[in-house]
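Report on the following structure.
The values are calculated or read from the model by the stated rules, or taken from the named source; none is laboratory data. Keep in mind that this is a model prediction, so the values were computed, not measured. Heads up, the Cβs are rebuilt from the backbone with ideal geometry, glycines too, and the neighbour counts pull from every protein chain shown. These area figures cover heavy atoms from the full protein model, side chains too; ligands, DNA and RNA do not enter into them. Shrake-Rupley method; radii C 1.70, N 1.55, O 1.52, S 1.80 Å.
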2 protein chains.
Amino acid sequence: MDWKISSTHYDSEATADNGNRFLIGNGYMGIRGTLDECTKEQLVAINLAGIYDQVGTGWREPLNAPNPLWTQLVVNGKNLDITDENVVSHEMDLDFRNGVFHRKTTWKLSEGQVTLESKRFASIVDAHLIGLRYSVTSTFDADVSILAGIDGDVWDINGPHYEKVTFDHSGHLLISEAFVQNKSDQVAVLRLNHIDHNELFDLEAIYPSALQGILKYSVKLPMEQTLDLSSTCLVYTTKDGQNPLKIAKAHMKNANYEEALKVHLKGWEDIWSISEVEIVGDEEAEVAMNYSLYHLNIAAPRHCKNLSIPARALSGQTYKGAVFWDTEMFMLDYFLYTQPEVAKTLIEYRIDTLGGAREKAKSYGFEGAFYAWESQEGGFDACSDYNVTDVFTQRPIRTYFKDKQLHISSAVVKAIMQYFKYTSDNELLTEGGLETVIECALFYRSALIKPILKEKYEIHDVIGPDEYHERVNNNAYTNYMAWYCIHSALELVSALKEYDRDKFLELDQQLAITQKCELLNEVINEIHLPKPNEEKIIEQFDGYFKLEDTTPAIVKSRLKHPKEYWGGGNGVASDTQVIKQADVVTMLECFHEDFSKSTLKANWMYYEPRTEHGSSLSACMYAMLACRFDEPDKAYPFFMKSATTEMRGGGKQWAGLVYIGGTHPAASGGAWKNLIQGFAGLKFVNDEPVLTPNLPTNWKTLRFQIKHKSNIYAFKIEGKKATYTIINS
Amino acid sequence: MDWKISSTHYDSEATADNGNRFLIGNGYMGIRGTLDECTKEQLVAINLAGIYDQVGTGWREPLNAPNPLWTQLVVNGKNLDITDENVVSHEMDLDFRNGVFHRKTTWKLSEGQVTLESKRFASIVDAHLIGLRYSVTSTFDADVSILAGIDGDVWDINGPHYEKVTFDHSGHLLISEAFVQNKSDQVAVLRLNHIDHNELFDLEAIYPSALQGILKYSVKLPMEQTLDLSSTCLVYTTKDGQNPLKIAKAHMKNANYEEALKVHLKGWEDIWSISEVEIVGDEEAEVAMNYSLYHLNIAAPRHCKNLSIPARALSGQTYKGAVFWDTEMFMLDYFLYTQPEVAKTLIEYRIDTLGGAREKAKSYGFEGAFYAWESQEGGFDACSDYNVTDVFTQRPIRTYFKDKQLHISSAVVKAIMQYFKYTSDNELLTEGGLETVIECALFYRSALIKPILKEKYEIHDVIGPDEYHERVNNNAYTNYMAWYCIHSALELVSALKEYDRDKFLELDQQLAITQKCELLNEVINEIHLPKPNEEKIIEQFDGYFKLEDTTPAIVKSRLKHPKEYWGGGNGVASDTQVIKQADVVTMLECFHEDFSKSTLKANWMYYEPRTEHGSSLSACMYAMLACRFDEPDKAYPFFMKSATTEMRGGGKQWAGLVYIGGTHPAASGGAWKNLIQGFAGLKFVNDEPVLTPNLPTNWKTLRFQIKHKSNIYAFKIEGKKATYTIINS
């Protein structure tokens, strides 16, 4: 297959979209696919993971680092830009097998043609390092200057975040320090240039503004010769240590462009040795799937032990760089099955933010842990009470995502349970995992409420995954997941008692586990779990069936403004059965073994025509469930929708004046889940892989690898036949 | 005092308002204060009590009868209209002591001047009868025609309600029958004319359109002589009997204009003999108060035993002619203290509609009786789920008045308890009153809900009297009233056991009272009743204090459209502490004896600046409570606001294209409550009147009468001194 995506012309309209499609990164940072000479006007960003700032009453969002890749070509005194009329050819591509972005542009001047070729990578191994190779060739003897700078005038959605940006240089090393507003946080960016034409060049340091530092290399470039500049760049922040500049300088002493590139390429080969997916008979799916996995990998935290992946990954500041349930529900499986240490890091992020979840629970009158809907550092919930703007009045609309989406904590429990069952890594449990699960279970217990006329406890006033219907009672997904969390806590405690009595006793003393389990035991069988009706349909929430039964198309036709919000108190969908995304279907996927296939199908058939699929999380669940009731061809279009989300790009980039574009790692993770658990039907029973393949009709062969405990398995599926080999251990 | 309101010129702009201010009526019908020659363009209406129709998906609303008062004067071939340019003088007045509307208009023609004088009354004794005297004088010998017709082209807000209107005549009798769309309901209207100039006139019956029947009297009228036409009109509907025309004809045989007028005037004297209020030192208050009482009396049902008073009385079809809690909470006291048989009728309406209330409860998953928020025939809830229109999108807004204003049933209980305690009329109790109270108590029991972390039962997801805040938990008013209803049921059962053991046993067998009381007894002490905080303030609902603390003026300044709704999911007040009307203050008024005066005052001082007073029900409760903590001068402006509501008129007449004007009987009733229970501080202790006067500083003497059991008391209050005499028994 072709591991490249490319563009053969420049289109300023596509700048925002291409920034995401050509993104490189390494879990520490994401570098948008913009060109060397571009600035914030073209949405250049080096988006940093897990370090946030708030300016005034704006949204708290992650920092973008000063850009050490900014480089301007000057030939015979003229700046050459991609937007010039005299560009005669332009191509750019992303080699997503190797994580290398490349561009090649030729300008026609009166003296002849000048070609610029550059490539860059963000080391997948050395998370702080970015490499840039910048090459210029001319058809005439030219006075060439390369302005190799650091651009501190960064693009922000809710900035500016830096109070000041300072610059310094020493020989070929350019240094920038950016100081965050009213905070002790800093970002240090270093750029060390190496130029081949050592004897010919003239070097000058210039500081054209308070936000820019430049090393200007001026060269007499003979015709048809190539001038190569390579830059090794480092980014550190105060999250990495008290004095990021000092750490960066020490690091730079050992940095070398060629060496770093080798290590980087080897890093990617290691990843693909397990992750690569082969789909014979459907190249589109194959390419899209591997490209999606590339995007998951450039967002995966490998450099630290408690970081997660934001909903738009590291493609920018969209959605505040916050972590949603997307990670646990959609991305986790891929990492768990291929790089379990990354899965562990994602979970440790939640364990580390248990304090924030406890505080949130308390602030709403609950016990236990109520995780942030939009989680930032320390579990701070970045979600606003007003997440949507009324397009008619420009006033914020009170939304309840933050306070009523109680199901968020259950995603954390599900992740821990999956991790524990898949890896048998007891350490994670005893180091906070069990406590987290118990706290989430106590949270759900504290949300139970018993109407005097009812026998069972109910859960009222929530929002389920379908956010269009707010403040509903007994959302099936929420109730089942609440039950699941309480059940999981009791199950884990039993398991721990069994396999490590001493550890149990130690934790019991610390955490009063026995006492808490008593509380949980009292309610475990007393929770109302909505059952299928005579038509086998489970009602999404109390009263859902009484709502107007219509279709997304009809609801859409009622819009009076293309951007108006469909949900909330007054949206076009609110009083109808039209839902934003899989809700009951998500519940059934989670508990598919507890329902008959005919029930799974009946609900799929009922809810699908009523689903807008207004979230990139929706398609995956429909694809999963269709596989569960053995109809892969029903699943296929939904799988493809998820799998091609990144490849297709496009989609909504702007909400009014706010940039909301970015990558969709949950869709990518969901697609992989579909592939492995859906179409291949893989699960482990007693540590043995069991497959029940259900391939789409057009697929001849499906090959993939996964890691399970100490083994790496290579699977091959043809029709209903599945084979595997253990390739090493 | 002057018992007249008058207008000395014609103003077409004031037509809608004057229709209410000059309204006459008798509880069977309300006749808007429009002129003889006017039609639906001027909002002429003979609004009928308790008979409704719905056309298509429009609002179900009461019928307006064909108008038998329509009369057109023709002189020398020219129609004389109030809108003519040659009107030289015009005056109209309402004698509200006698319930007589009068107009006098003079036209100047080329031949000389013509004067028309007419007066009309709706018999306060004979509910079906309307009398009209129509007199014409001319300064020249004139050819005068009087077109004395019935206008079937009635004004409707959501009509037309009549499929056809038929006309017939026989001598001086004009007959019209109006047939309601798709229903068996009919309205029969008769007009019997009597003309003095028997020998001179020429009579012709004409039917100019399918909706009009006219008897045309043509007369040669000598100069300075007066031509008198008197008409006796009758209105009957199928609510009065299967064949309303037949009943009307029989009635007409005994009808006589002069006799009917006498009876009518005597009827009013009887009413005023108890109702008249004297306020020495404040004529404005005195006139406004008596005028308000006039309005209450013309809406009071005396002709049947199960009818109530709509929120806009009989002034038209506004608010669907539906009965709200206004009747029980604001109007009942006046009737109870002066005409207890009317109070009984109002209550019997609720007892009769218990079936509808039971159905409503069931449809929302409750037990017992959940009364209609906007009650029509049979307790049908006319309230829409979409009661408000979004001014920006013209889309209906989902409101929760109907389904979440649980407090409505408690108003019914309060009325029954007040009636029972005031009159000791056991019959009402045993004939449905007790059952109603028990059913309401069971309704509130069924709404109880216990969060697992709480000790007490709570009530969630309601709207209190302040409708701007929807779907709140533990609204103080609702919780206290729920407790009150359960307590009242238990109290009444105990009382019945005490005074009529046999009746109790009989009812117990019929209604399983003992069993129901057991259920009620289990919860009576287990209901969460929000208590005052350290500053003695009771929080209106859970979380109210956390809302933005601002003022109505500031909230108003945020409006982007003058008519946008302040409440609901997205209103300017919804997320603030600004409330529509008295809420906690209403609760405290209901339970003022259970709280210290300093608590009453602290809450008044807290909530008043946060209250928009966007309902005519608000001022009365603020006035009441201020009297309870002995600050009548704080009460006075709120009393005056209520008392002068009808006198002042004006106010909002139109919401977009929908007419919403009308009279405000709740404000009138509230003002009387203020006067008697607030300023005079009257209550009965062991059947003896006890007064704790708190007159406004400018009031010298307050005199009023009330009826209590077999006595009529006349009270006189001067400063803190109160005396009374029993004037008959």
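Summary of values
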read-out: For q = 0.14, 0.21, 0.26 Å⁻¹, Debye-computed log10 I/I(0) when each Cα of region A:519-595 counts as one equal scatterer; value: -0.62, -1.02, -1.26
read-out: Share of pairwise Cα separations in region A:347-453, more than 20 Å, in percent; value: 45
read-out: By accessible area with a 1.4 Å probe, ligands and nucleic acids excluded, highest first: order of A:Val100, B:Val235; value: A:Val100, B:Val235
read-out: For B:448-457, mean number of other protein chain Cβ atoms within 10 Å; value: 5
read-out: Long-range Cα-Cα pairs in the protein assembly as shown (distance over 49 Å), rounded percent; value: 50
read-out: Pairs from A:Lys560/A:Lys580; A:Lys546/B:Lys360; B:Lys40/B:Lys402 whose Cα-Cα separation, in the structure shown, is over 20 Å; value: B:Lys40/B:Lys402
read-out: Nearest-10 value in Å² for the accessible area of A:Phe392, using the 1.4 Å probe; value: 60
read-out: Kirkwood estimate for region A:209-302, i.e. one over the average of 1/r between Cα atoms, Å; value: 17.8
read-out: Accessible-area value, A:Asp500, 1.4 Å probe, nucleic acids and ligands omitted, Å²; value: 50
read-out: Over 11 Å [Cα-Cα, region B:679-729], rounded percent; value: 67
read-out: Region A:570-634 and region A:492-546: distance between their alpha carbon centers, rounded to Å; value: 25
read-out: P(r), alpha carbons of region A:9-95 - 5 Å bins starting at zero, rounded %; value: 3, 12, 20, 21, 18, 12, 7, 5, 2, 0
read-out: Pseudo-label separations to other copies for A:Glu522 - Cα-to-Cβ vector, 7 Å, nm; value: 1.8
read-out: Relative compactness, region B:83-163, computed as alpha-carbon Rg over 2.2 N^0.38 Å; value: 1.39
read-out: Rounded FRET efficiency, nearest 0.05, which uses the C-beta distance separating B:Ser135 from B:Ser6 and R0 of 25 Å; value: 0.85
read-out: From the C-alpha gyration tensor of region A:253-308, square roots of 5λ in Å; value: 27, 16, 9
read-out: Three-way shape label, region B:481-640, alpha-carbon gyration tensor, a/c 1.5; value: prolate
read-out: Residue and distance (whole Å) for the chain A Cβ nearest the axis that superposes A on B; value: A:Gly569, 1
read-out: Percent RCO, i.e. relative contact order, over region B:140-268, from Cα pairs under 8 Å lying at least 6 residues apart; value: 28
read-out: Centre separation in Å (Cα based) which lies between region B:410-462 and region B:10-73; value: 38
read-out: Calculated log₁₀ intensity ratio I(q)/I(0) where the Debye formula runs over C-alpha points of region A:565-622, q = 0.14, 0.20, 0.26, 0.27 Å⁻¹; value: -0.40, -0.72, -1.02, -1.07
read-out: Under 18 Å from the B:Phe545 label point (7 Å along Cα→beta-carbon), backbone N, region A:350-393; value: A:362-366
read-out: Solvent-accessible ranking of A:Thr57, B:Thr83, B:Thr137, A:Thr586, largest area first, probe 1.4 Å; value: A:Thr57, B:Thr83, B:Thr137, A:Thr586
read-out: Rel. contact order, % - alpha carbon contacts under 8 angstrom, at least six apart, region A:1-131; value: 25
read-out: Estimated Rh, region A:443-507: Kirkwood, alpha-carbon pairs, angstrom; value: 13.8
read-out: Per-selection Rg to Rh, region A:256-372 - Cα, Kirkwood hydrodynamic radius; value: 1.07
read-out: Cα shape, region B:407-449, gyration tensor, a/c 1.5 rule; value: prolate
read-out: With all protein chains modelled, accessible area of B:Lys673 [1.4 Å, Å²]; value: 10
read-out: Subset of B:Lys536/B:Lys597; B:Lys597/B:Lys720; B:Lys601/B:Lys700; B:Lys531/B:Lys601; B:Lys404/B:Lys597 violating a 22 Å alpha-carbon distance limit; value: B:Lys601/B:Lys700; B:Lys404/B:Lys597
read-out: D_trans [Stokes-Einstein, Kirkwood Rh over alpha-carbon pairs] for chain A, 37 °C, 0.692 mPa s, µm² s⁻¹; value: 122
read-out: 222 nm mean residue ellipticity, helices alone, for chain A (DSSP H n ≥ 4; -39,500 (n - 2.57); rounded to 500); value: -9000 deg cm²/dmol
read-out: Which of A:Glu377, B:Glu431 is most accessible, then next, and so on - probe 1.4 Å; value: B:Glu431, A:Glu377
read-out: Contact order normalised by residue count of region A:349-407, Cα under 8 Å, 6+ apart, percent; value: 24
read-out: Distance between region A:104-160 and region A:668-729 - C-alpha centres, whole angstrom; value: 43
read-out: Pair A:Tyr207, B:Leu529: separation of 7 Å Cα→Cβ label points (nm); value: 7.3
read-out: Carbon + sulfur, % of accessible area of region B:215-308 - ligands and nucleic acids excluded, 1.4 Å; value: 50
read-out: Shape call, region A:463-574: gyration tensor on alpha carbons, a/c limit 1.5; value: prolate
read-out: Summed side-chain charge close to A:Ala205 - residues other than A:Ala205 whose Cβ falls under 11 Å, Lys, Arg +1, Asp, Glu -1; value: -1
read-out: Under the Debye formula (equal points on every Cα, no solvent term), log10 I(q)/I(0) of region B:17-168 at q = 0.14 Å⁻¹; value: -0.73
